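Novice: What follows is a structure written as structure tokens; I'll ask about it next.
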Amino acid sequence: MIIEAVIQPFAEFGFMRRALVGCLAISLGATPVGVFLMLRRMSLTGDAMSHAILPGAAIGYLIAGLSLGAMTLGGLIAGMLVALVSAFISRATAAGEDASLAALYLISLALGVLIVSTRGSNVDLMHVLFGTVLALDDGALVLLCSIASLSVITVAVLFRPLVLECADPQFLRSVSRLSALTHFTFLTLVVLNLVGGFHALGTLMAVGIMILPAAAGRFWVSSPGALVGIAVLIAMLSSMSGLLLSYHYSFPSGPAIILVAGLFYTLSLVIGPFGGVLPQMIPRKHLKA
Amino acid sequence: MRYRNPLALAATGVALSLLGSAAVPAQTPTPVVASFSILGDMAERIGGPQVDVVTLVGPGGDAHVYQPTPQAAQAVSDAELFIVNGLQFEGWLDRLVDASDFTGQRVVVTDGIEPIAFGEAADAPAGHGDHGHDDHGHDHGHDHGASDPHAWQSVPNAVTYVENITAALVAADPAHADRFEQRAQRYIAELEALDERIRATIESLPADQRTVVTSHDAFQYFADEYGVNFFSPQGVSTESEASAGDVAALIETMRERNVSAVFFENITDTRLLERIADETGARIGGTLYPGALSESDGPAPSYIEMMEHNAETLEQALGADHEESQS
């Protein structure tokens, strides 16, 4: 009976299958990127970047209507611009990267709201910007899967420099010229995945599926490779459970998915063996000197 | 219907306050603010050159989620009449009135209309029992507990709108009462002819071909008045996000009833309906206008043209279905 409740929605309805495929693609592509964001203590960068993307997608929509290509391109351009310029500012001036990123994404966001508002009360746009995972068409699915594939391959190729960047950026800079390249490629991946995720979950929820599984996973394992694995697993489980909750209890699907991921995070926070609340309270044997 | 220069508005306001609001000279039009495009259209039809109408939510805008601008507050504070739909259609209304020191008369056009609660319209098709409405339970459960504000979707209600607006204009500018009433009579005659046409159009459709899907749950009054069943995947407001359960229930209902036409409306994201149409094999049947007029070069620049466009769009899609199923 439980199996039926899990299988039946996907077997009967094409939109559920599409939603599932879309979410699994995002889990596969965005979550590893989220792991590295977290390891580099840049978790909030994802949030900032998602706001930076929003105006670009909005402009794309205003120019070309509900066009997947225009909105993707717009979001990509706005996101990359903010990412690269803030990275440039932080390397060329005395300002820290967080400050320059915050400044730029706020400028970008305000600009977007301004442009949207001058075009009249086109509130439709808010709807478009928040996306819906239940309305993925062929084009959107191909885009999501392409981004996921590209993201997985890139993370695999750059895995060692990425881990090194997290652990000891000074060391990486001293032994390899890949440091700057790694950093910019990584920022590109963040933007790319957020743009892809925004078609399914909207800009804000896409950050959720990027960061929450990573934050939950760190309570269970310590090596970066295992962390990527468990985070992707949590993301996929959250996607599927969220969709099923949305199906059986009529919750809106995007928030349902993210809240399940949030549940995983809370659970991990309490019982996770690596720094969880309960395991820390259990007294362990002292190592004797 | 047009957005006026705020300076001119302010000047009008100053001029009016200097002259005293009781005795408006004949050559000064009464400043009127209408909350959205349909009311603006009606006010202009009735008021003619004796009123100066500013419409807050213009063509194509969504009045559910409108955010008032300072110009809007300015226009409202300068207005003598503020024509609103009521039934909580304009959620932003009270805030705007508070913010703008509005001292004029607020005209609620739905006064005297029997509101339909959400989700009950299709269960009680009034006075059209001869067209076999089978059970139309709404399978999407929305517990709003309030009334559906889209009352203008029934033309007899629109006549009430016109009467309410006319009464308010007469009270505000008694000197031109005759002209307002003349125009209102002509307008009401046109509306009654429109009502007849819509009835004839819908009655020409086979009774088992009158179930359609739209992306906005705004046609309950139309359903109730003319006997067409509407289903919506999303509930009444563009603010809420659809859930997988609602969409699945809709698809099942559409499969059961063999619904073969899906309509887009002018103000909501169409991607979800495209999916549903794809999944059920239903055809996409043009655009229905629920609550906002189109621009003047579009198919629905006025209330009458909007209602006519909706009826024709329904006829085309459903009539075509009929031929298809017979062949």
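Novice: Would you please name the residue that is farthest from the other protein chains (Cβ to nearest Cβ), looking only at residues in segment B:217-241 that are modelled with pLDDT under 70 and closer than 18 Å to B:Ala151 by Cα?
Specialist: Of everything passing the filter in segment B:217-241, B:Val236 is farthest from the other protein chains (Cβ to nearest Cβ).
Novice: Taking the conditions exactly as written (within 14 Å of chain B (Cβ to nearest Cβ), among the polar types (S, T, N, Q) and buried (at least 19 other Cβ atoms within 10 Å of the Cβ)), does A:Ser268 satisfy them or not?
Specialist: Here the answer is no, as A:Ser268 does not meet what is asked.
Novice: Does any residue of segment B:201-215 turn out to be within 23 Å of B:Gly319 (Cβ to Cβ), at pLDDT below 75 and within 14 Å of chain A (Cβ to nearest Cβ)? It would help to see each step written out before you state the result.
Specialist: If we filter segment B:201-215 for residues that are within 23 Å of B:Gly319 (Cβ to Cβ), which is where we start, we get B:201-215.
With the extra rule that they be at pLDDT below 75, the set shrinks to B:215.
Still in the running and within 14 Å of chain A (Cβ to nearest Cβ): B:215.
For segment B:201-215, residues within 23 Å of B:Gly319 (Cβ to Cβ), at pLDDT below 75 and within 14 Å of chain A (Cβ to nearest Cβ): present.
Novice: Considering each residue of segment A:68-87, count those that are open to solvent by less than 50 Å² (accessible area, probe 1.4 Å) and closer than 14 Å to A:Ala99 by Cα, and give that number.
Specialist: 4
Novice: Being part of a helix (DSSP H, G or I), modelled with pLDDT of 90 or more and open to solvent by less than 30 Å² (accessible area, probe 1.4 Å) is true for just one of A:Val142, A:Val155, A:Val163. Which residue is that?
Specialist: Working: A:Val142 fails: open to solvent by less than 30 Å² (accessible area, probe 1.4 Å); A:Val163 fails: open to solvent by less than 30 Å² (accessible area, probe 1.4 Å).
Residue meeting the stated conditions: A:Val155.
Novice: Next question, about the same structure. Look through segment A:226-240, keep the residues that are of a type in the set (A, V, I, L, M) and within 15 Å of A:Met38 (Cβ to Cβ), and return whichever of them is farthest from the other protein chains (Cβ to nearest Cβ).
Specialist: Only one residue fits best here, namely A:Ala226.
Novice: Right, another one. Is it the case that segment A:273-286 has a residue that's in contact with a Phe, Trp or Tyr (Cβ under 7 Å, 6 or more places away or on another chain) and either among the aliphatic types (A, V, I, L, M) or within 30 Å of B:Ala249 (Cα to Cα) (or both)?
Specialist: No, because not a single residue in segment A:273-286 is in contact with a Phe, Trp or Tyr (Cβ under 7 Å, 6 or more places away or on another chain) and either among the aliphatic types (A, V, I, L, M) or within 30 Å of B:Ala249 (Cα to Cα) (or both).
Novice: Sticking with this structure for a sec: Any idea which residue in segment B:40-77 is least open to solvent (accessible area, probe 1.4 Å), counting only those that are of a type in the set (S, T, N, Q) and within 14 Å of another protein chain (Cβ to nearest Cβ)?
Specialist: B:Thr55
Novice: Just the residues that are open to solvent by less than 40 Å² (accessible area, probe 1.4 Å), free of Cβ contacts under 8 Å to residues at least 24 places away in the same chain and assigned to a helix (DSSP H, G or I), please, taken from segment A:11-53.
Specialist: A:Gly14
Novice: Quick one: B:Glu80 ticks every box in (1) away from chain A (no Cβ under 12 Å); (2) over 15 Å from B:Ile165 (Cα atoms) bar one, so which box is it?
Specialist: (2)
Novice: Here's a check for you: in segment B:192-220, which residue that is under 22 Å from B:Asp246 (Cβ atoms) and within 17 Å of the chain's Cα centre (by Cα) is surrounded by the most Cβ atoms within 10 Å (Cβ to Cβ)?
Specialist: Here the residue is B:Phe219.
Novice: Give the residues of segment A:241-262 that are more than 7 Å from every other protein chain (Cβ to nearest Cβ), over 20 Å from A:Glu4 (Cα atoms) and open to solvent by 30 Å² or more (accessible area, probe 1.4 Å), sorted by residue number.
Specialist: Scanning segment A:241-262 gives A:Pro255, A:Leu259.
Novice: Limited to segment A:145-197, what total is found for residues that are under 30 Å from A:Leu68 (Cα atoms) and of a type in the set (S, T, N, Q)?
Specialist: So the answer is 8.
Novice: Go through A:Val35, A:Val21, A:Val6 for me and flag whichever is β-branched (Val, Ile, Thr), within 14 Å of chain B (Cβ to nearest Cβ) and more than 20 Å from A:Leu141 (Cβ to Cβ). Before you say what the answer is, go through the steps one by one.
Specialist: Working: A:Val35 fails: within 14 Å of chain B (Cβ to nearest Cβ); A:Val21 fails: more than 20 Å from A:Leu141 (Cβ to Cβ).
That would be A:Val6, the only listed residue that is β-branched (Val, Ile, Thr), within 14 Å of chain B (Cβ to nearest Cβ) and more than 20 Å from A:Leu141 (Cβ to Cβ).
Novice: Considering only segment B:105-124, state which residues are buried (at least 20 other Cβ atoms within 10 Å of the Cβ) and at pLDDT 85 or above.
Specialist: Within segment B:105-124, B:Val107, B:Val109, B:Thr110, B:Ile113, B:Ile116 meet the criteria.
The values are calculated or read from the model by the stated rules, or taken from the named source; none is laboratory data. What you are looking at is a predicted structure, and each value in this text was computed from that prediction instead of being measured. All Cβ positions, glycine included, derive from the backbone under ideal geometry; neighbour counts span all protein chains shown. In case anyone asks, the SASA skips ligands and DNA or RNA and just uses the protein heavy atoms, side chains included. Shrake-Rupley method; radii C 1.70, N 1.55, O 1.52, S 1.80 Å.
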